[in-house]
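Read-outs throughout are calculated quantities, based only on the coordinates presented, and are distinct from any laboratory measurement. Nothing here was measured: the structure is a model prediction, and the numbers come from that model. Here the Cβ is made from the backbone with ideal geometry for all residues, glycine too, and neighbour counts use every protein chain on show.
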């Protein structure tokens, strides 16, 4: 902790860490100094000059070097002749600041007058109106009239589209550069710049497509004027009449696209979502949202929504009553007996998932349930239950004494919010080791870049672990107090020294050793691992060992987490929607049920299937026959998906904003969302409600009448979730914390700021013991010159996102991306088609060329239209050897 | 006898010695002797100390003591850079151009001495974009220095090695401001940085950096060679030494003149400059291009040193005197200068970006006969709103032409007011 410095602001004494800027010190005592260019999340530039204040320091006698005192014995303050910018003047001991001196107020008025000479004051037709800092500050400090009587910037270009999502009105821009700094510093997408000089200066995007960033929407939030606005909300720009900001009703919610569970506000107007804004949660998304979350809400109002139960008769769906549909389901489920299986998507709320497993286990007496559709869901492991990341972990605060070991994940695509936070940690000095088989965006900031051969990530981890034990870098206290089996592990690892794994991983032994040292020596260490590292027990065991021997477990800012694919993948595992575990990771008492993989094999032997919020056929087209051959299939969803088309009964569910519920993010943080709008019709029911109704028809006497009622039962039944009562989850953060962090003061929308609740892992219990496990890695390196890698991407072919017209151009189309030299070797150029053949299948794809890709990799994302990559994968790993033929 | 105050040129030696831009001629006339002295019998600290004792003040305009600047370089941080500010853009200033074009080896020797003193191994010369012709002889001189073992590895067979790189800007006045220069040199937009950190702590590529003007560095070799006592014989107690004065405007003999600091302005204009071409009386003199307040006739007897100029409510700056005779309409002159500042404002901070634009608009209105007397006061008010509020000196200086001309020549404005 740095030294505290005490100063006086407007006569009030305040102590802040040395190096703090005056503006932040003033915030601490509730003095808000007006400013445009400064933003506490961005670097300081000091250009708008609105925050000028009067500053003085104690006078010192030059000869004696003693402070000069007045007759009363108080130090004499010497005020600087010039006003100082509060945003970029650091505090010093004994300093005195007057925030509203006569001179400062005059300066403020002067600067506002200057700014308004180049601002059109077109507030009546500006989307920012009502939550606009320029409007607010002009109201508070402006002259009330302008002496500038010339043609304003009206002639500057208006409505310049910066890509599909953002519109720039240059005549409103006051060149504060917040947008540019956000893109450069937070997002790492260097796509904006200032062009020209002086008054001709303007913000430009120099990429093609324009403003090419997954995070661009955030610039519309931090723009202190209406220069950057979103096309989605823009006044009268879309086909709907515009709505003013103050007409919106703001409801707190959680992103259904984000595995971090980004907090957001749904701005609704007459029962419709009109915009999505971030809701500050410093532990999750700070004040940012991805464009996918911000603009992907249109599925709610889609005209393709299911509005009534449908029953298939003679191959055609007919609208039915809930009464008829439920009766039919009860009869058929009853008939199926034990030959029934259920698949529930990881987008469902915790309440839905809990009741889903309860229906199967308690009413239908079956363990045949799963949420993992082939490889698209959680990597099955116990690491989250055993270790996870420590409670209170805040990647948003990680700094110099910390290290992050990122293994096999492109966070920018797979966990965009986590990408922003990891990038921020690196900026603050956290050491990032980025290991993957190919270039990923975090390589631009990573301290150590490790490029392993696909399939050898486990060897890399073993090599690092061997180094740590060999050099005695393990956390000896932790090893002594809480671990067993260290000697056995040491013996086993003799076969995996850095020298021995250098060949198979393709990484130099010294580099492995250095990475191991960096990770072991850091005070805090976090391992994040994704599917590009592999998907086997040997890998998980090796990651577990690495975390344990370094003692990076069971405490804040330490631990392990998988990069889970969906917003509630964690909750689905926590609440037992897996064939072998009950809620809370208890093993099933009786026989282990069928996994999704088994249920989706052609000869699965099931008579009935209940599929909730999972477009299985859309995601993996090869599963079609398994569903077709099932006698009775119920699909419960928002849309007539490819899977629903095969069903016998289709049930219309409520979308997230139409109901309440909770999600558990990949850091095990449980967060609730509130109902904001009504469903298209009253015949759409919440998933938990439908499940309860089915259970009722089958004779169960459940009494759930609300999602929080279900959560109440979960808190009683599942000890992991015992603190997750709605009361706890909806508790606003303390006033003190709010003052510390709250940034959005001055903006018109309000919504509760909550931080959610994390459940404790086994490691959190300081009395728990761990046995080190070693599992010999199987050599499952793809035996091929070319390896197909199929990671998830942000803009996938999902049903919900495809309802957002505004994002349509961003949705990725299936293609095979190759390195230039491979393309050259095969005489391929952009747009050509290749045939990719693996041991599983063969598909034709158009190619793209990417100079950053290694020569042995062909990249084809999963979850795209037609599930092309899935047809080549063997259902075990997301990489596989392929042959390419022109 | 060069002039009444100086027996021979110290900086513009090209005026005394033909072809001194050739390395052999330069060496034959004592060139690189100072470097030899520094490298063989002095240590870096002593070099800095001599410059400090000589109280060589920065010739770019601010007048900050060069030796003090050098001593701010932290001893333990490497690398250290020397950056030579050759972005001579102040209207009416053309001294560095002559130094680099006609006596380039003295500049180079000064750079090497500075680098030796502060422990730098790389020096960058940042030249004004329009200086591409001037850079031809300078580049040639640098090549000659390399060929003679005066640059590169083991200079003069000592342990000291250094390189000089030339870089031309794209033509922006603001890049004469040292931090904007650094941004431009790094490839960013030419806009000033916040200070602190000062360049001595975090300058080029965030490393300790000394930035000196070309003329400042040209003073170093004679100081090292002859000692600080010799140097302090020239000039005044607080403004010691020799300075080049660029004289232009309505004078018979415009050009660069070398004089000790503290010489009378009247001597420069009337004896050296030969008075006005037209023979008409002088109306006003700009002492430092467009940036400094104009000198009205009552101050024509001022001495040309930092302190005396300040007493006359102006600054010495880069010492470029633009003389205007009675025929000049001072409102017209101010409009030209306001246009210049509006054109050169980088746009980073609001008061400079918007203020200069507004000033120009009001000036246009007055000069086109559409103004009222309110507009003259408005000009003053706008300048007040800019003063002390700008990010860097550009915006602060931009108000000088208007304020000084309104103060001393208000009638030139009033004659446009017909409404």
Checklist entry - Normalised by the residues of region A:530-645, what does the relative contact order come to in percent, with Cα pairs under 8 Å and at least six apart? => result 15
Checklist outcome for this item: Between residue B:2 and residue A:737, the two model label points (7 Å from Cα along the beta-carbon direction) sit apart by a distance in nm of 7.2
Checklist entry - Quick one: helix A:537-549 against the long Cα principal axis of chain A, what's the angle to the nearest 10°, folded into 0 to 90? => result 40
Checklist entry - What list of whole percents do you get for P(r) of region A:305-413, with Cα-Cα distances grouped in 5 Å bins up to the one holding the largest distance? => result 2, 8, 10, 14, 18, 13, 8, 7, 7, 6, 4, 2, 1, 0
Next on the checklist: Among DSSP bridges having both ends in region B:242-325, what percentage is antiparallel? Round to the nearest 5.
Outcome noted: 70
Checklist entry - When N is the residue count of region A:118-299, what does its C-alpha Rg come to as a fraction of 2.2 N^0.38 Å? => result 1.04
Checklist entry - Percentage of Cα-Cα pair distances in region B:330-414 greater than 18 Å, rounded to whole percent? => result 32
Next on the checklist: Give me the one-decimal nm value for the distance between modelled label points at residue A:592 and residue A:762, 7 Å along each residue's Cα-to-Cβ direction.
Outcome noted: 1.6
Checklist outcome for this item: Gyration tensor (Cα only) of region A:606-656 to equivalent ellipsoid, semi-axes in Å sorted down, yields 17, 13, 8
Checklist outcome for this item: Contact order relative to length for region A:118-299, counting C-alpha pairs under 8 Å separated by 6 or more residues, stands in percent at 19
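Calculate for chain B the 222 nm mean residue ellipticity that helices alone would give, adding -39,500 (n - 2.57) per DSSP H run of length 4 or more and normalising by residue count, nearest 500 deg cm²/dmol.
Working: 15 runs with 169 residues, N = 419.
Mean residue ellipticity at 222 nm (helix-derived): -12500 deg cm²/dmol.
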Item to check | region A:327-425, relative contact order [Cα under 8 Å, separation at least 6], % | outcome: 21
Item to check | FRET efficiency, residue B:368 to residue A:43 (Cβ-Cβ, R0 56 Å, nearest 0.05) | outcome: 0.80
Item to check | Longest to shortest principal axis, alpha-carbon extents of region A:4-100, angstrom | outcome: 41, 24, 22
Checklist outcome for this item: Taking a crude spin-label model, label points 7 Å out from Cα along the C-beta direction, the residue A:208 to residue A:427 distance in nm is 2.9
Checklist entry - Rg and Dmax of region B:71-144, Cα atoms, in Å? => result 13.4, 41
Item to check | Radius of gyration and Dmax over the Cα atoms of region A:556-694, both given in Å | outcome: 16.7, 50
Checklist entry - What length, rounded to one decimal in nm, is gained on full extension from residue B:167 through to residue B:417, with 0.36 nm per residue of separation minus their alpha-carbon distance? => result 85.2 nm
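Remind me, what semi-axes does chain B give for its equivalent ellipsoid, largest first in whole Å, using sqrt of 5 times each Cα gyration tensor eigenvalue? Kindly include the intermediate steps, with their values, before the conclusion.
Details: eigenvalues 290, 122, 61 Å².
Over the Cα atoms of chain B, the ellipsoid semi-axes are 38, 25, 17 Å.
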Checklist entry - When Rg is the radius of gyration of the Cα atoms in chain A and Rh is its Kirkwood radius, what does Rg/Rh come to? => result 0.99
Next on the checklist: Can you tell me what share of the DSSP beta bridges in region A:786-885 is antiparallel? A percent to the nearest 5 is fine.
Outcome noted: 70
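What FRET efficiency comes out for the pair residue A:603/residue A:809, r = Cβ-Cβ distance, R0 = 25 Å, nearest 0.05?
Approximately 0.05, to the nearest 0.05.
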Next on the checklist: Sort A:542-552, A:679-689 by the packing proxy (mean of other Cβ within 10 Å over each peptide's residues), most packed first.
Outcome noted: A:542-552, A:679-689
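Given the DSSP H assignment, sum -39500 (n - 2.57) over each helix run of at least 4 residues in chain A and divide by its residue total; what's the result at 222 nm in deg cm²/dmol, nearest 500?
Helices in chain A give a 222 nm mean residue ellipticity of -6500 deg cm²/dmol.
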Next on the checklist: On a full-extension model of 0.36 nm per residue, what is the gain between residue A:339 and residue A:10, subtracting their alpha-carbon distance, rounded to one decimal in nm?
Outcome noted: 110.9 nm
Checklist entry - What angle do you read, to the nearest 10 degrees and between 0 and 90, between the alpha-carbon axis of helix A:457-470 and the longest principal axis of chain A? => result 70
Next on the checklist: To check you understand DSSP bridge types, tell me what percent of the beta bridges within chain A (both residues inside) are antiparallel, rounded to 5.
Outcome noted: 60
Checklist entry - In region A:86-110, which residues have a backbone nitrogen under 20 Å from the label point lying 7 Å from residue A:68's Cα in the Cα-to-Cβ direction? => result A:92-98
Item to check | For region B:13-231, projected area of the alpha-carbon convex hull averaged over all directions, nm² | outcome: 11.0
Checklist entry - Once you sort the root eigenvalues of the Cα gyration tensor of region A:786-885 as a ≥ b ≥ c, which label holds: rounded (a/c under 1.5), prolate (a/b larger than b/c) or oblate (the other case)? => result oblate
Next on the checklist: What do you get for the angle between helix A:687-697 and the principal long axis of chain A? Use alpha-carbon atoms, 0 to 90 degrees, nearest ten.
Outcome noted: 30
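Let me confirm one metric for peptide A:105-118, namely the mean number of other chain beta-carbon atoms within 10 Å of its residues' beta-carbons.
That works out to 5 on average.
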Next on the checklist: Between residue A:835 and residue B:132, what's the calculated FRET efficiency when r is the beta-carbon distance and R0 is 56 Å? Round to 0.05.
Outcome noted: 0.50
